[in-house]
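Have a look at the structure below before the remarks.
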Amino acid sequence: MLALVEKIKNSPLWRGLIRFQQVLMILTSVFVVLIMCFEVLLRYVFKSDLFGIEEIVVIAAFWLYLIGSSYGVYDKSHVKADIIPQLLPLRAQAFLSVLVRLTTTVLCVVFSWWAVDMVLYSIEWMPRTTGLRIPIFISQISILVGYILMSFYSLVYFLEDLGNFLSFEKEDKKGAFTS
């Protein structure tokens, strides 16, 4: 199982997804900052307004937040409270990690499924923003992509943690590992 996880982590798909996320996060961050600076310049210096700019910023922010969230899952840098697990023996920590990863994976898959339904509904009924009439599904696809990526990373890390836990079990049966 751990060999499969390593194969996935060393694959071009894995590296490509990470690169895609990094580029998209940089582009959307720069875009949001520039468009907000442009809006401030227009509003307070030129006493003008750019109609519908908020709608564009919201779409870019959706992509930034959801891709950033999925990158956080990849990077294992999301917020967590892990004081209690540190007080447990290593074997119990490994088991708890498997349970947490399994729960996270299941929830991400469920949210991905719901996001598919949401996007399909939006494509069918084609709601649009009020100002510029931009189709809503453009921002909703970011939710779908973000949760699919989160599901993928969570599944890989679940398999990794399960493999680590099972290796603890093998060591326990050999009598070489006690915690």
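Every number in this text was worked out from the coordinates using simple rules, so none of it is lab data. A quick note: this is a predicted structure, and the numbers were derived from the prediction, not measured. Glycine also receives a Cβ, built like all others from the backbone with ideal geometry; neighbour counts cover every protein chain displayed.
Suppose R0 equals 22 Å. What FRET efficiency, 1/(1 + (r/R0)^6) with r the Cβ-Cβ distance, do Lys47 and Ile138 give to the nearest 0.05?
0.10
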Once phi is turned into ³J(HN,Hα) by the Karplus curve 6.51 cos²θ - 1.76 cosθ + 1.60 with θ = phi - 60°, what whole-Hz value does each residue of region 133-150 show in order, with x for glycine and proline? 6, 6, x, 4, 4, 4, 6, 5, 4, 4, 5, 4, 4, x, 6, 5, 5, 4
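Taking trypsin sites (Lys or Arg not before Pro) that fall in a DSSP loop and have at most 16 other Cβ atoms within 10 Å as cut points, what is the longest piece of the chain between them?
Working: sites that count: Lys47, Lys76, Lys80, Arg133.
Here the longest segment lacking exposed loop sites spans 81-132.
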Under the classification rounded if a/c is under 1.5, otherwise prolate if a/b is larger than b/c and oblate if not, where does region 1-90 fall, given a ≥ b ≥ c as square roots of the Cα gyration tensor eigenvalues? oblate
Under-28-angstrom lysine pairs by C-alpha in the chain, whenever the two are 8 or more apart or on separate chains: 9
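Determine the shape class of region 1-157: with a ≥ b ≥ c the square roots of the Cα gyration tensor eigenvalues, call it rounded for a/c under 1.5, and otherwise prolate if a/b is greater than b/c, oblate otherwise.
Numbers: a/c = 2.43, a/b = 1.94, b/c = 1.26.
It is prolate, given that a/c is not under 1.5 and a/b is the larger ratio.
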Give me, ordered by chain and number, the residues 5 or more places off Arg128 or on other chains with an amide H under 5 Å from its own placed amide H. Ile136
List the relative contact order of the chain as a percent without decimals, with contacts defined as Cα pairs under 8 Å and 6+ residues apart. 30
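Counting other Cβ atoms within 10 Å, keep those with at most 14, restrict to DSSP loop, and tell me which chymotrypsin sites (Phe, Trp or Tyr not before Pro) in region 50-145 are left. Please list the in-between numbers first.
Working: sites: Phe51, Phe62, Trp63, Tyr65, Tyr71, Tyr74, Phe95, Phe111, Trp113, Trp114, Tyr121, Trp125, Phe137; in loops: Phe51.
Those that pass, being in a loop and sparsely packed, are Phe51.
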